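Report on one structure; see the data block that follows.
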Amino acid sequence: MSEWFKQWFGEEYLELYAHRDEAEAARVVALLQKVLPWRRGWRVLDVGCGAGRHAKALEDAGACCTGLDLSANLLQRARQVTSAYLVRADMRALPIRPRSMDLTVNLFTSFGYFEHDNEHVVALQEMASTVRQGGWFVLDFLHAPTVRSTLVPGPRSVGPGSTGERRLSRDGRFVCKIVKLADGRRLEERVRLFAPGELEALLERAGVRVMHQFGDYQGGPLQAKSPRTILIGQVV
């Protein structure tokens, strides 16, 4: 299986996910400010920063932010909205000095993209290694039970002339989204369906002790029909 994410995150992605906006990013950061011992001037790394909406919200909250992403297109967009230091890199090999961050975040399901689970293990270990002892790591991921229970077969409109269809992979380990664009191109997303308990175990393996769990950006509890899995942990 080719690494689909190397081709996917361009202008088309921004158009299809335009509803994920700055207001949503501000809600995520407000939750972090409420839960964490937040201090202005914190060094924060945003892994999978995309077009910079979370980096901007983190800056607005007083953080000294570094954004990292593999997509050159999205980083170019990010430069238009944030003054964060921006780095192009793969999360499986982060060019960030170990233990240099007070907080590292991975938001809006910017994880689970790899074919093999050992690659996910490496990515989490790389991210956690950037955080000082006693610092914090945040993983904001889809809620796998909700994805499975709400999966509706068949295509639906996702933009002018474009359709999208979600389905499970043959082995049931991934949720796949097939997007057919108005110009005839076909794109595919593949995200590993890690249950909350699996994510917590992976974080513990990476040296992160989960302290808080939420099921949405308002700080609601993580439960059966939650839209998100938000895990906030301290690096030991």
Antiparallel content of DSSP bridges confined to the chain, in %, to 5
65
Could you go through the range 108-123 in sequence order and give the Karplus-derived ³J(HN,Hα) for each residue, using 6.51 cos²θ - 1.76 cosθ + 1.60 with θ = phi - 60°, rounded to whole Hz, and x for Gly and Pro?
6, 6, 8, 7, x, 8, 8, 6, 10, 5, 5, 5, 5, 4, 4, 4
What's the percent breakdown of Cα-Cα distances in the chain across 10 Å bins, shortest bin first?
8, 33, 40, 18, 3
What value, in deg cm²/dmol to 500, does the helix sum -39500 (n - 2.57) over DSSP H runs of n ≥ 4 give at 222 nm once divided by the residues of the chain?
-8000 deg cm²/dmol
Inter-centroid distance (Cα atoms) of the range 90-131 relative to the range 188-236, Å:
14
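Just rank Cys176, Cys49, fewest to most, by other beta-carbon atoms within 10 angstrom.
Numbers: Cys176 15, Cys49 30.
Neighbour counts put them in this order, fewest first: Cys176, Cys49.
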Under a point-charge model restricted to the Cβ atoms of Lys and Arg (+1) and Asp and Glu (-1), what is the dipole moment magnitude of the chain relative to its Cα centre, in debye to the nearest 20?
200
Gain in length, Arg40 to Asn118, computed as 0.36 nm per residue apart minus the alpha-carbon separation, to one decimal in nm?
24.5 nm
Set Lys and Arg Cβ to +1 and Asp and Glu Cβ to -1, take the dipole of the range 59-133 about its Cα centre, and tell me which of Phe114, Ala78, Cys64 lies farthest positive.
Cys64
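For a quick check: sort Thr66, Thr109 by the number of other beta carbons within 10 angstrom, fewest at the front. Please list the in-between numbers first.
Details: Thr66 22, Thr109 17.
The fewest-first ordering by Cβ neighbours comes to Thr109, Thr66.
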Vicinal HN-Hα couplings computed from phi for the range 30-42 (Karplus, 6.51 cos²θ - 1.76 cosθ + 1.60; Hz; Gly/Pro x):
4, 5, 5, 4, 6, 8, 8, x, 4, 9, 4, x, 4
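How high is the relative contact order of the chain, in percent, counting Cα pairs under 8 Å that sit 6 or more residues apart?
Working: 468 pairs, mean separation 41.2, N = 236.
Relative contact order comes out at 17 percent.
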Enumerate lysine pairs in the chain that are 8 or more residues apart or on different chains, then count those whose Cα atoms are under 22 Å apart.
4
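Readers should treat all values here as calculations from the given coordinates under stated rules, not as data from a laboratory. Worth saying up front: this structure is predicted, and the values here are computed from it rather than measured. Backbone-built Cβ (ideal geometry, glycine too); neighbour counts: all protein chains shown.
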